[in-house]
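J.: The structure that follows is given in the form of structure tokens.
The values are calculated or read from the model by the stated rules, or taken from the named source; none is laboratory data. Computed from a predicted structure; not experimentally measured. Cβ atoms come from the backbone with ideal geometry, glycine included; neighbour counts cover every protein chain shown. What goes into the accessible areas is simple: the full protein's heavy atoms, side chains included, and nothing from ligands, DNA or RNA. Shrake-Rupley method; radii C 1.70, N 1.55, O 1.52, S 1.80 Å.
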Amino acid sequence: MWIVPEREIAGLVSREAAFDAVEQVFAAMAAGRANNFPVVREAIGHENALYGFKGGFDQLGGALGLKAGGYWPNNLEKRGLINHQSTVFLFDPDTGRPVAMVGGNLLTALRTAAASSVSIQHLSRPDARVIGMVGAGHQATFQLRAALEQRSFEKVIGWNRHPEMLPNIQKVAEDADLPFEAVELGDLSEADVIITITSSFGPILMVDHVAPGTHIACMGTDTKGKQEVEARLLANSLVFTDEVAQSISIGEAQHAVASGALASDAVIEIGRVINGDHPGRQSADEITLFDGTGVGLQDLAVAAKVVDLAIEKGVAIKVDI
Ligand code: NAD
């Protein structure tokens, strides 16, 4: 089998390649040709860590496997390591033999940013010019960098509960030669596209903060109990997701569905839009909302691409198992 070390990933996979892999796998899921397996996520009772697996099989792309990992909250302070840790394992769908083990930390950031970018590409207004960020942590920088490539944005505005983190996203804006402005939540109504990417357990973005015609990509809520957006905002929007089962159980839609504000069958898989089975945005005044919960197939798709590139460039390590 092949090993692709974490240190090699940055030199292998581009944002464009991650976008294409994620767009293809969303399309395969909506066509019933790729399935995510039930997610396992457990508190292990050690180091306050959450550990689990996200796996699946993409019949069209041929990727079978899982991402194992989770969240170790003490890593950075105690050991100088990042808190989110993950590794992707790929298997041969014909034989069950292991094919590759791939460092999954940077891949997670790239595939998550690719998901919101796919939603912006397919659902935001073509004339979107202002992008608003809610969140300014590790993922936010990847999200913004990828999103800026989807429309001709002219300005970035941002809010974060911890304002001292805002320079993280300001730097991304400035690197792209765009002005950045730190704003109050109420000023986000200036944005045509809003990305939320925080670890919040309560609504931050409310109905009054969002103008008609906005596209919102909700990317932070990936666990039961987390929430970034007022449930009423989902009821006022056309809601899309990567996978409906995750959206209504661990994604942003969990609260709107539980309170009865949104019917679970109103949530649309974005792959249907990619496949041309759903029209997506239908008017310039409509609010579209993408609930990006993060599915294992995204990891497998991007990891499979990385393995091919690593073998081609001679940086994959071959081991017997
Ligand atoms: P991070 O620790 O680097 O940044 C956390 C961000 O959340 C910061 O902006 C911080 O100010 C903000 N924040 C923290 N606590 C908050 C609170 N109580 N209320 C409001 N804001 C708060 O984390 P990160 O790596 O950038 O990850 C951000 C979120 O994205 C996490 O919740 C993570 O689980 C989630 N995530 C989702 C996916 C997906 O596929 N959807 C993938 C990876 C990470």
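J.: Using amide H atoms built 1.01 Å from N in the peptide plane, name the residues 5+ places from Ile157, or on other chains, whose amide H lies under 5 Å from its own.
T.: Those lying under 5 Å, H to H, from Ile157 are Ile131, Gly132, Met133, Glu181.
J.: Please report the orientation-averaged projected area of the chain, defined via the convex hull of its C-alpha atoms, in nm².
T.: Average projection, Cα convex hull of the chain: 16.2 nm².
J.: Among the listed pairs Lys171/Lys226; Lys67/Lys318; Lys54/Lys171, which are separated by more than 22 Å between their Cα atoms?
T.: Lys171/Lys226; Lys54/Lys171
J.: Continuing with this model, one more query. In the chain, with Lys and Arg counted as +1 and Asp and Glu as -1 at Cβ, which of these residues, Phe89, Ala284, Ala211, has the Cα nearest the positive end of the dipole, that is, farthest along it?
T.: Phe89
J.: Can you pull the semi-axes for region 125-293, root of five times each eigenvalue of the Cα gyration tensor, sorted largest first, whole Å?
T.: Details: eigenvalues 118, 65, 39 Å².
Square roots of five times the eigenvalues give 24, 18, 14 Å.
J.: Moving to a separate point now. Helix 15-30 against the longest principal axis of the chain: what's the angle in degrees, Cα atoms only, rounded to the nearest 10?
T.: For 15-30 against the chain, the angle is about 90 degrees.
J.: Whenever you get a sec, compute what percent of the accessible area on region 1-102 sits on carbon and sulfur atoms (1.4 Å probe). Each step should come with its number before you reach the end.
T.: Details: 2970 of 5550 Å².
C and S fraction of accessible area: 54 percent.
J.: Whole Å is fine, so just give me how far the alpha carbon centre of region 269-295 lies from that of region 32-67.
T.: Cα centroid to Cα centroid, the span is 24 Å.
J.: So, R0 is 30 Å and r is the distance between the beta-carbons of Ser189 and Leu60; what FRET efficiency does that work out to, to 0.05?
T.: With a Förster radius of 30 Å, E is 0.15.
J.: What residues have an amide H closer than 5 Å to that of Ala63, excluding those fewer than 5 places away on the same chain, when H is modeled at 1.01 Å from N in the peptide plane?
T.: Asp58
J.: Another one. Which loop-located chymotrypsin sites (Phe, Trp or Tyr not before Pro) does region 138-217 contain, where loop means any DSSP state but H, G, I, E or B and the Cβ has at most 15 other Cβ atoms within 10 Å?
T.: Taking region 138-217 and a limit of 15 other Cβ atoms within 10 Å, no loop chymotrypsin sites (Phe, Trp or Tyr not before Pro) are found.
J.: Right, something else. Please quote Rg/Rh for region 18-71 to two decimal places, taking the Kirkwood radius as Rh and restricting both calculations to Cα atoms.
T.: On the way: Rg = 13.7 Å, Rh = 12.4 Å.
Looking at region 18-71, the ratio lands at 1.11.
J.: About the Cα centre of region 125-293, how large is the charge dipole given +1 on each Lys and Arg Cβ and -1 on each Asp and Glu Cβ? Please answer in debye to the nearest 20.
T.: It comes to approximately 220 debye.
J.: Would you list, by chain and number, the aspartates and glutamates whose Cα falls below 14 Å from the Cα of Lys313, excluding same-chain residues fewer than 8 positions away?
T.: Once the sequence-local aspartates and glutamates are set aside, what remains near Lys313 is Glu8.
J.: Could you calculate the contour length gain from Arg97 to Glu149, that is, 0.36 nm times the residue separation minus the distance between their Cα atoms, to one decimal place in nm?
T.: Here the segment from Arg97 to Glu149 would lengthen by 14.9 nm.
J.: Using alpha-carbon pairs under 8 Å, 6+ residues apart, how would you state the relative contact order of the chain in percent?
T.: The normalised contact order for the chain reaches 22 percent.
J.: Turning to a different aspect of this structure: Taking every DSSP beta bridge with both residues inside the chain, roughly what % is antiparallel (nearest 5)?
T.: Details: 30 of 61 bridges.
So the antiparallel bridges in the chain amount to around 50 percent.
J.: Taking the highest mean first, how do the peptides 1-8, 298-305, 17-24 order by number of other beta carbon atoms within 10 angstrom per residue?
T.: On the way: 1-8: 17.0, 298-305: 28.0, 17-24: 22.0.
Going from most to least packed, we get 298-305, 17-24, 1-8.
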